[in-house]
Amino acid sequence: MPVDDRWGLRRAVSRRYPDPAALAADTGHAARLSTYLTDLLTPHGLTLTPDALNPVRGQSYGEMAVELLPDEPVDLLVLAYDVPDISPGRAVSTYLTHVCPGSPMSFAVSDQGRAAAFTALSLMQTYAATHPRALLIAVEQSDLPYDPGVPVALPAAHAGIALHLSASAEAPLSAVTVLPDADASVDALDGLAATTVVLGGGMAALAGDVKADRVILADPAQPMTGVWEALAGLDLATAGRVAVADYDPALRYLCVAAFG
């Protein structure tokens, strides 16, 4: 079955979560999480940060994502994240299938850094012919209760976004690419003829080289969700052709998605 050439973004919404997860108040969960993380960290010579889980300050991706679910049925739901969840025992995408209208097929994309949502979009596009009503949820929580031993960019706030995708959309998805082993470059925007360009923190230094009517810089304190929060703030009816671009300096992924 061919993909509708107008399949793409219908609307985007974003949300910040000022408080820890409700689950964080469960002392039993905190004790189990401490044991779990200690068992994982010890073989690598790493330890929990003192009092890191007293109290638990992180967020649960299951709790965050539920707040972003639509009222209408969905065929496909993909969860994208980078920072580990404070509820590692829950298969979040499976849980979301249970609570989301339409009982959609679902899966998660992780270990991709800032590229996670871009990778998810690319995968979802391949399902568009058979699963046109799709929902991409990207979430990041800001607490990591241990030093991972390598440089990491933690977000400043718990944040989540939802991209609602469907056939005959306001802003069709015309291109999405994730280039591995790449340098940050605006050359990836060539040929897209974007009217509005949203740049993530990994591309902010190149803003002066972008040729577009409007360039928007995403919140650099939100490494993964920042660009999508900025996209959610646009009026898709007037923004014209929109390109969203970001670069992960640790993994060297250059990511671009074009809508409209």
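The values are calculated or read from the model by the stated rules, or taken from the named source; none is laboratory data. Treat the numbers as computed from the prediction; the structure is a model and nothing was measured. Reconstructed Cβ throughout: ideal geometry from the backbone, glycine too, with neighbour counts over all protein chains shown.
The table below lists the values:
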{"quantity": "Inter-residue pairs, beta-carbon under 9 Å, first within 17 Å of residue 233 (Cβ to Cβ) and in segment 185-207, second among the polar types (S, T, N, Q), 6+ apart", "calculated": "200/222; 201/222"}
{"quantity": "Filter result for the condition that a residue is modelled with pLDDT under 95, in the same structural domain as residue 99 (by TED's automatic domain parsing) and crowded, with 16+ Cβ neighbours inside 10 Å, over 46, 53", "calculated": "53"}
{"quantity": "Out of 162, 243, 232, sole residue that is buried (at least 20 other Cβ atoms within 10 Å of the Cβ), modelled with pLDDT of 95 or more and under 23 Å from residue 108 (Cα atoms)", "calculated": "162"}
{"quantity": "Filter result for the condition that a residue is over 30 Å from residue 97 (Cβ atoms) and touching a residue at least 12 places away in the same chain (Cβ under 8 Å), over 167, 212", "calculated": "212"}
{"quantity": "Segment 202-229 - residue that is among the charged types (D, E, K, R) and over 21 Å from the mean Cα position of the chain (by Cα) and, of those, surrounded by the most Cβ atoms within 10 Å (Cβ to Cβ)", "calculated": "214"}
{"quantity": "Where residue 14 falls short, out of the listed (1) hydroxyl-bearing (Ser, Thr, Tyr); (2) modelled with pLDDT under 95; (3) not in a loop (DSSP other than H, G, I, E, B)", "calculated": "(2)"}
{"quantity": "Pick from segment 111-148, criterion touching a helix residue (DSSP H, G or I) at 6+ places or on another chain (Cβ under 8 Å) and more than 21 Å from residue 13 (Cα to Cα), ranking: surrounded by the fewest Cβ atoms within 10 Å (Cβ to Cβ)", "calculated": "146"}
{"quantity": "Members of segment 173-185 that are more than 18 Å from residue 229 (Cα to Cα) and modelled with pLDDT of 95 or more", "calculated": "177, 178, 179, 180, 181, 182, 183, 184, 185"}
{"quantity": "Subset of segment 21-49 [part of a loop (DSSP other than H, G, I, E, B) and closer than 30 Å to residue 134 by Cβ]", "calculated": "21"}
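Listed here are the residues, each with its yes/no results for (1) among the β-branched types (Val, Ile, Thr); (2) within 18 Å of the chain's Cα centre (by Cα); (3) not in a helix (DSSP H, G or I).
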| site | (1), (2), (3) |
| --- | --- |
| 51 | no, no, yes |
| 62 | no, yes, no |
| 70 | no, yes, yes |
| 80 | no, yes, yes |
| 89 | no, no, yes |
| 96 | no, yes, no |
